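For reference, the structure discussed in these notes is given below.
The values are calculated or read from the model by the stated rules, or taken from the named source; none is laboratory data. Being a predicted model, the structure only gives us computed values, none of them experimental. When we count neighbours, we look across all protein chains shown, and the Cβ atoms used for this are built from the backbone with ideal geometry, even at glycine. The accessibility values were calculated without ligands, DNA or RNA, using every heavy atom of the protein model including side chains. Shrake-Rupley method; radii C 1.70, N 1.55, O 1.52, S 1.80 Å.
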Amino acid sequence: ARIKEMTPLNDCKKNKLIVPSSTFTSKEITISKDNLATIEQILSSGNGLIICGRLTSNEQVGFTNNLAILAEKLNSPILVDPLSNLRFTNDLEPYAIYNYDLFLKPEQQSHYKIRLPDWVIRFGQFPVSKSLMQFLQNLSSESILINSFGDKLDPIHKTTLFFHSLPA
């Protein structure tokens with residue numbers, strides 16, 4: 001399954017979410033009203049963070065552009081895992097952060113003003129960064145996981161909502 005349009009989208013200026021009133025359906029995936037309501041509730045709870053783990057070549061098709069649109073609409077940074085194959089694209093600027101290990105290490109966090117996210121959207125496999133894993137483990141944020149593997153790849157057990165789908 002493939003999500004062609006990420007829903008809901010955050011109107012940053014009005015701080016409102018734009019969500020269809022009925023079930024969102026594309027040819028590949030259906031999201032129920034209950035799940036849409038849960039997504040709306042999660043994304044309207046405050047600041048967010050988008051994380052991209054390792055992606056297969058199938059998952060990467062059309063993903064970069066959609067990810068940039070999502071980050072812009074949600075006004076959220078993207079932590080790009082080294083194995084995601086997204087590190088050498090400029091399409092995610094200015095939202096992409098590639099060297100997040102520098103400020104996520106526990107001993108470095110006091111030197112940086114880190115805005116803790118109220119929610120996290122994670123695509124693909126779990127990131128390889130130990131400091132990111134520790135950071136995520138210590139959050140009490142809501143977490144949405146979207147991956148095509150069919151299993152809930154969540155070694156820290158923080159996923160609130162899971163979608164088995166290609167991310168693009």
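Quick notes on this one:
- Number of positions in the stretch 65-80 that are open to solvent by less than 40 Å² (accessible area, probe 1.4 Å) and assigned to a loop (DSSP other than H, G, I, E, B): 2
- Candidates PHE135, PHE103, PHE126, PHE63 - the one that is closer than 16 Å to LEU153 by Cα and among the hydrophobic types (A, V, I, L, M, F, W, C): PHE126
- The requirement of being in a loop (DSSP other than H, G, I, E, B), small (Gly, Ala, Ser) and either crowded, with 16+ Cβ neighbours inside 10 Å or at pLDDT below 75 (or both) is fulfilled somewhere in the stretch 144-162, by at least one residue.
- In the stretch 109-140, the residues that are open to solvent by 20 Å² or more (accessible area, probe 1.4 Å), of a type outside the set (A, V, I, L, M) and either within 25 Å of THR64 (Cα to Cα) or in contact (Cβ under 8 Å) with a residue 40 or more places away in the chain (or both): ARG115, ASP118, GLN125, PHE126, LYS130
- Assessment of the stretch 81-101 against the conditions (within 15 Å of ASN47 (Cα to Cα) and either in contact with a Gly (Cβ under 9 Å, 6 or more places away or on another chain) or open to solvent by 20 Å² or more (accessible area, probe 1.4 Å) (or both)) yields at least one matching residue.
- Consider the stretch 42-64 and keep the residues that are in a helix (DSSP H, G or I) and without any contact (Cβ under 8 Å) to a residue 60 or more places away in the chain. The one that is most open to solvent (accessible area, probe 1.4 Å) is SER57.
- Identity of the residue in the stretch 81-99, under 15 Å from GLN125 (Cα atoms) and not in a loop (DSSP other than H, G, I, E, B), that ends up nearest to the chain's Cα centre (by Cα): SER84
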